[in-house]
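The values are calculated or read from the model by the stated rules, or taken from the named source; none is laboratory data. A quick note: this is a predicted structure, and the numbers were derived from the prediction, not measured. All Cβ positions, even for glycine, are placed from backbone atoms using ideal geometry, and neighbour counts span all protein chains on display. For the accessible areas, the whole protein counts, side chains as well, though only heavy atoms, and no ligand, DNA or RNA atoms are used. Shrake-Rupley method; radii C 1.70, N 1.55, O 1.52, S 1.80 Å.
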Amino acid sequence: MAEVATDVEQADASLARRLGFITRPVRTLVNAPHLLVLVVLGTWVACSFVYALLEDKGPIESLWWGIVTGSTVGYGDFYPSTTAGRAVGAILIVSMLVLVPIAIGHVIANLVFDKESLAVATVLEDVHERIDRLEHLTLASLEAQHGREWLEQRLAEHEAADAATTDVAERMLAMFKPKFDVQDPPGGTR
């Protein structure tokens with residue numbers, strides 16, 4: 001039974017590696033807003049100029065066609081009459097339907113995130129300062145009551161316990177990592 005599970009896991013890992021050449025660039029593009037905007041603009045301009053060449057249109061007309069087609073408005077004032085021109089239009093429409101909403105999502109997320117993160121950062125800074133003051137006062141009080149040696153011994157015990165807790169927390173977090181998180185090995189080749 002364990003042998004079958006291992007075979008399935010190996011097959012899944014192999015499939016993930018094979019698909020990695022597609023998924024890695026897509027993930028990179030989706031998670032890089034500046035690159036995403038450049039790809040959207042590049043696709044629009046490239047498709048517009050290919051349309052101009054295929055349909056014998058001027059650059060301004062082709063850019064207008066690219067905006068109208070890519071936004072799926074489709075006024076009908078310019079449209080491709082060749083099969084190759086229609087293929088370029090289809091590529092433009094599909095790529096804009098996929099890429100533009102992702103770019104819009106980045107803009108909206110950054111607008112919301114900036115307001116919230118500023119408020120959270122301000123509160124956390126205040127809490128951190130209060131904790132620092134409380135820690136300083138507590139340590140001074142304990143040193144006055146029990147002496148410096150006693151305090152240093154307790155701090156060492158606390159650091160050891162904290163290190164053990166950190167190890168447990170890291171192991172728990174490792175359980176939640178994706179099972180088939182395929183990473184490039186050192187040297188960049190598989």
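Nearest 20 debye, what's the magnitude of the dipole of the chain about its Cα centre given +1 on Lys and Arg Cβ and -1 on Asp and Glu Cβ?
Dipole magnitude for the chain comes out near 1000 debye.
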The orientation-averaged projected area of the Cα convex hull of segment 1-74, in nm², is 7.8
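Expected output is a single nm value to one decimal: the length gained when fully extending between ASP7 and VAL98, i.e. 0.36 nm times separation in residues minus the C-alpha distance. What is it?
Details: separation 91, 0.36 × 91 = 32.76 nm, distance 3.56 nm.
Length gained between ASP7 and VAL98: 29.2 nm.
Compute the FRET efficiency between GLU152 and VAL107 as 1/(1 + (r/R0)^6), taking r as their Cβ-Cβ distance and R0 = 30 Å, and round to the nearest 0.05. Don't jump to the answer; show the numbers that get you there.
Numbers: r = 53 Å, r/R0 = 1.76.
Efficiency, from the Cβ-Cβ distance: 0.05.
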Square roots of five times the C-alpha gyration tensor eigenvalues of the chain, ordered largest first and given in whole Å, equal 57, 28, 12
Note on the chain: contact order normalised by length, alpha-carbon pairs under 8 Å, 6 or more apart, percent, works out to 20
Check: C-alpha center segment 44-84 vs C-alpha center segment 104-160, spacing in Å is 58
Calc'd 3J(HN,Hα), segment 67-77, phi into Karplus 6.51 cos²θ - 1.76 cosθ + 1.60 (θ = phi - 60°), Hz, glycine/Pro = x, comes to 5, 5, 6, x, 8, 6, 6, x, 5, x, 6
With a Förster distance of 35 angstrom and the Cβ-Cβ distance between LEU19 and PHE49, calculated FRET efficiency to the nearest 0.05 equals 0.60
Sorting ALA164, THR43, VAL127 by the position of each Cα along the dipole of the chain (Lys, Arg +1; Asp, Glu -1; all at Cβ), the one nearest the positive end of that ordering is THR43
Once phi for every residue in segment 36-52 is put through the Karplus expression 6.51 cos²θ - 1.76 cosθ + 1.60 (θ = phi - 60°), the whole-Hz ³J(HN,Hα) values, with Gly and Pro written as x, are 4, 5, 4, 5, 4, 5, x, 5, 4, 5, 4, 5, 5, 6, 5, 4, 4
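What per residue convex hull volume, in Å³, comes out for segment 53-108 when only alpha-carbon positions are used? All intermediate terms of the calculation are to be shown ahead of the outcome.
Values: hull volume 4.5 nm³, N = 56.
With only Cα atoms used, segment 53-108 gives 80 Å³ per residue.
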Rounded to the nearest 10, the angle in degrees between the Cα long axis of helix 148-175 and the longest principal axis of the Cα atoms of the chain comes to 30
Computed for segment 1-58: size of charge dipole around the Cα centre, +1 on C-beta of each Lys and Arg, -1 on C-beta of each Asp and Glu, debye to nearest 20, value 280
Kirkwood radius from Cα pairs of segment 80-165 plugged into Stokes-Einstein at 25 °C, 0.890 mPa s, gives D in µm²/s equal to 130
Simple SL model, points at 7 angstrom along Cα→Cβ for ALA174 and SER117; separation in nm is 3.0
Taking HIS34, HIS128 and ranking on accessible area (1.4 Å, protein atoms only), highest first, one gets HIS34, HIS128
